[in-house]
Each structure stands twice: as C-alpha cells, then as structure tokens.
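The values are calculated or read from the model by the stated rules, or taken from the named source; none is laboratory data. This is a predicted model, so every value here is computed, not measured. Heads up, the Cβs are rebuilt from the backbone with ideal geometry, glycines too, and the neighbour counts pull from every protein chain shown. All accessible areas refer to the heavy atoms of the entire protein, side chains included, with ligands and DNA or RNA removed. Shrake-Rupley method; radii C 1.70, N 1.55, O 1.52, S 1.80 Å.
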Amino acid sequence: MSAPPAWPIAFKTILVRAVLYVLFIGAIAQGAYLEAIYLPSVRFSELGFTELTQTLVLAICCAMLIYIRQVLKVWPTVTLLLLAFVAASLVREQDYFLDSYVADNTWKVLVALIILPTLFWVVKRRQCFLDEFAYYSNTFAFGLFTAGVLTTYIFSRLYGRQEFWQAVLEDNFVRHFKDVAEEVVELLGYSLILIATLELLLLARRIYLTRQTSP
C-alpha cells in the first residue's frame, strides 16, 4: 500500500487553492442570490440554479472518483465506497424527475442497486478497506468530505425543520422559505464534498506520480 507523499505542499500552492475555493463558495452563494432576484419562474425549483448546480456538482464528483479509482488506481476500495455514496446522492437529487417520468420511488430502487452491492464488496474486502482508510482518514480530503456530509445530511435537515421556520416566521410562515433555506445549505454541503473530492484527486495524482518514478 502506498502512503501519501511525506513532503508538504508548497505554501504558494495552498494559497492559490484557498483563493479558488473562496471564489467558488462565493460564486454559488451569488448564484442563489441571483436566482432569487432574476429567475422568479424557476426560483429554487428543480429547474433553478440551486437544484441544477447540486446535480452538476455531484456529477463532477462522480467523474473525479471514477478517474481516481480506474485510472490512477489509488485506494480502490475507499474510492468505490465514496463513489457509491456520491452516486446515490446524485440519484436522490433526481427524485422529482424519476417519480414524474418513470415511476414512484424509482430513485429508491436505484439507490439500493448502487449501495447494496457496494457494501457487499467493501465488507468482503474489509481488510483492504481498513488499510486504505488508515491513510485516507488522515488527509485534508477526508475532513472536508466529512464536513460536507454533515452539512448536507445533518445540519440542512435540522435547519430546514418546518417547526423551526414556523416559530421564526410565525403568521408569515410559507413552506417555500424553509425549502429555500434547506436547499441552499445542501448546495453548500455538496460544494464541500466537491472540494474534498478535488483534494483527493490532487493527492491521488501525487501518489500515482510517486509510483511511476519509484524504482
């Protein structure tokens, strides 16, 4: 098993990444702002900026994870589990279209078809998974991915509770407010997962290049 390279990343490289990540997070916040102001006909709907960006972000994450696993061949068991999680999230985000144009609960069937075989494979190769995870869990990418998951699947759900928004808005409560808040927080969480996946890709490439140059 190849460990991550021991040498540190140059400060200039870290600074460039930090600036790009700040600009990216600012861009998605600005996108939601512009959607609210200038796109009333599709505002925070399945065809709005927020929902479509969620889909795009998850699709890019899937592509990067496939590249890491199939081309760079770094931590294949861990990346398979990550890919299954992200792909299942991507399918879940298409629930409206699948329920409307295919059949009710289609997304649940597709998620099960993704998750169950993956879990079976990971359990079967659990020692490989644990060996790989020992390295992955000590990376910046893992911390960011965990933050993204907690933001999307824990914080956004609690923050988007109807009772909370009813208490805040009182007689002015409209369900649309709480849906908007939940969807925007979800987009932030998915964006953190995207940055985490990119960080994993950059790390995996360093590992791959190290393997190529090793005698």
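Mind listing whichever residues of segment 40-57 are out of contact with any Phe, Trp or Tyr (no Cβ under 6 Å at 6 or more places or on another chain), buried (at least 16 other Cβ atoms within 10 Å of the Cβ) and not hydroxyl-bearing (S, T, Y)? Result: R43, F44, G48, F49, E51, L52.
The residue list A36, A32 contains one member that is open to solvent by 20 Å² or more (accessible area, probe 1.4 Å), touching a residue at least 40 places away in the same chain (Cβ under 8 Å), among the small types (G, A, S) and in contact with a Phe, Trp or Tyr (Cβ under 9 Å, 6 or more places away or on another chain), which is A36.
Among the residues of segment 181-212, which ones are among the β-branched types (V, I, T) and out of contact with any helix residue (DSSP H, G or I) (no Cβ under 9 Å at 6 or more places or on another chain)? Result: T210, single match. Checking each residue in segment 174-204 for being open to solvent by 50 Å² or more (accessible area, probe 1.4 Å) and under 16 Å from T55 (Cβ atoms) picks out V184, L188.
Here the condition is being at pLDDT below 90, touching a helix residue (DSSP H, G or I) at 6+ places or on another chain (Cβ under 8 Å), assigned to a helix (DSSP H, G or I) and farther than 30 Å from R206 by Cα; of L169, L98, it holds for L169 alone.
If a residue has to be assigned to a loop (DSSP other than H, G, I, E, B) and open to solvent by less than 10 Å² (accessible area, probe 1.4 Å) to count, how many in segment 66-92 make the cut? Residues that pass the stated criteria total 2.
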